[in-house]
Amino acid sequence: MTAVSAFVSILGFMVVFRSNQAWSRYWEGADLVQQARGEWISATSSLFACMSRSPEKADQVVRLEGLVVRLMSLLYAESLSCLSEGHGFELLDLEGIEQTAMDMLDDQGDNDSKLEMILHWVQRVIIDNISSGTITAPPPIVSRVFNELSAGVVKIASARKIKDIQFPFHYAQMLGISLLVYTAGVPIMSAYLFTTYWAAGASSFLNIFVLWCVNYLSVEIEQPFGTDPNDLPLQDEMRYMNETLAMLLSTHAKKPPTFSPPTNREPWAVKSCVRLASGAKKLGSLMAASDAFADNRGGGRADGRAIGCVSGVDVPSAWAEPTCDRGAANEPDSEGHPTAFVLPVSALDWASAATGDRVSPQGGLGSCLPRAQASDAFADNRGG
């Protein structure tokens with residue numbers, strides 16, 4: 001029995017070890033693919049920010065932006081093709097790019113060569129447009145673009161490690177043989193240990209079933225790149241990349257918003273309210289909003305009515321009129337007073353705010369809180 005126990009222990013360790021390695025490979029692959037996408041999106045956005053704002057260069061800027069987003073889409077598609085056995089991915093429209101260059105790219109032998117060629121094109125485009133004055137940012141700032149481009153390529157190379165280096169064959173072979181031996185031996189041991197046939201059958205089935213399931217689960221996920229249903233959703237990653245690149249070309253993305261300081265309060269008196277989910281009609285119906293306000297220094301109510309906004313209105317006017325924006329619950333209680341009012345942020349007012357049933361602050365920046373939770377909110381440093 002000692003030898004049997006040792007065999008079962010070693011087999012269990014081998015199955016669990018392979019399962020851990022499979023999960024590690026799967027999540028590492030997902031992490032690297034998304035990090036590469038983030039690096040290249042950031043590089044594209046940074047490059048767009050470095051381009052000239054001169055009206056004389058407007059046409060060259062439009063041409064450069066169109067070329068860069070198409071090359072970046074092609075770069076990410078070729079990277080994913082390297083990982084998924086040459087599976088095709090959706091690209092942004094390549095119309096307008098020189099056809100001879102595309103023909104030369106198609107003549108490259110493998111996806112690795114295409115990847116390096118596209119990356120080289122992007123880098124040469126950047127340098128050429130620095131020389132022509134289309135990219136006007138100082139070289140130390142533009143160097144960030146090159147850093148992010150190279151970081152994305154390193155992430156893809158690390159993901160290639162997962163694809164090219166399979167789980168050790170000898171380990172998998174030995175594990176398969178051990179599972180076959182276990183499958184043949186467990187029914188014999190169960191028949192020897194149990195007095196009823198149904199107990200022996202159930203014990204044998206469960207032990208064999210669990211180990212084989214864990215082993216096949218490991219086999220399924222230890223190679224995360226491909227087209228199987230359980231593989232990583234690379235097509236979705238490609239679609240997210242294309243959508244973000246297309247967004248960077250939009251007119252709204254090219255023109256940052258402006259800001260005009262409010263005239264009815266001091267510039268430092270900022271209002272902060274939770275933004276409701278699409279379709280939400282009442283703030284009081286969202287239990288999650290209560291937690292969000294509590295985490296955002298706004299407090300909350302036990303009945304799920306989250307209330308929290310920063311306001312410069314003092315308490316007397318808050319009693320007369322609700323102060324929370326965007327539908328925050330501020331209904332009067334049985335005595336006609338609102339269930340939420342503005343508390344002062346000033347350290348001198350905290351004591352009176354925490355102890356008094358009514359608050360008479362000096363005015364200024366405050367946090368809209370329910371009366372019952374004012375003391376707790378300030379004690380947790382969520383009141384300002």
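The values are calculated or read from the model by the stated rules, or taken from the named source; none is laboratory data. What you see is a predicted model; the values in this text were computed from it and never measured. Note that we place each Cβ from the backbone using ideal geometry, even for glycine, and neighbour counts take in every protein chain shown. SASA here: full protein model, heavy atoms, side chains in, ligands and nucleic acids out. Shrake-Rupley method; radii C 1.70, N 1.55, O 1.52, S 1.80 Å.
Taken over segment 98-128, residues that are open to solvent by 30 Å² or more (accessible area, probe 1.4 Å) and within 22 Å of Ala36 (Cβ to Cβ) amount to 12.
Kindly indicate whether any position in segment 113-130 is more than 29 Å from Ser52 (Cβ to Cβ) and in contact (Cβ under 8 Å) with a residue 12 or more places away in the chain. Checking segment 113-130: at least one residue is more than 29 Å from Ser52 (Cβ to Cβ) and in contact (Cβ under 8 Å) with a residue 12 or more places away in the chain.
Filtered by the rule that a residue be among the charged types (D, E, K, R) and under 28 Å from the mean Cα position of the chain (by Cα), segment 80-137 gives Glu85, Glu90, Asp93, Asp112, Glu116. Only residues that are touching a Ser or Thr at 6+ places or on another chain (Cβ under 9 Å) and either farther than 21 Å from Met14 by Cβ or open to solvent by 60 Å² or more (accessible area, probe 1.4 Å) (or both): list them for segment 204-222, please. Matches in segment 204-222: Asn207, Leu217. Against the criterion of being open to solvent by 50 Å² or more (accessible area, probe 1.4 Å) and out of contact with any strand residue (DSSP E or B) (no Cβ under 6 Å at 6 or more places or on another chain), Ser9 qualifies.
Please pick out the residue among Ala22, Ala30, Ala3, Ala36 that is under 30 Å from Phe169 (Cβ atoms), touching a Gly at 6+ places or on another chain (Cβ under 7 Å) and assigned to a helix (DSSP H, G or I). Exactly one of Ala22, Ala30, Ala3, Ala36 is under 30 Å from Phe169 (Cβ atoms), touching a Gly at 6+ places or on another chain (Cβ under 7 Å) and assigned to a helix (DSSP H, G or I), namely Ala36. Val219 meets the conditions (1) of a type outside the set (Phe, Trp, Tyr); (2) in a loop (DSSP other than H, G, I, E, B); (3) more than 26 Å from Glu116 (Cβ to Cβ) in every case but one. The failed one is (2). Per this entry, Ser52 is counted among residues that are open to solvent by less than 20 Å² (accessible area, probe 1.4 Å), farther than 27 Å from Asp231 by Cβ and in contact (Cβ under 8 Å) with a residue 60 or more places away in the chain.
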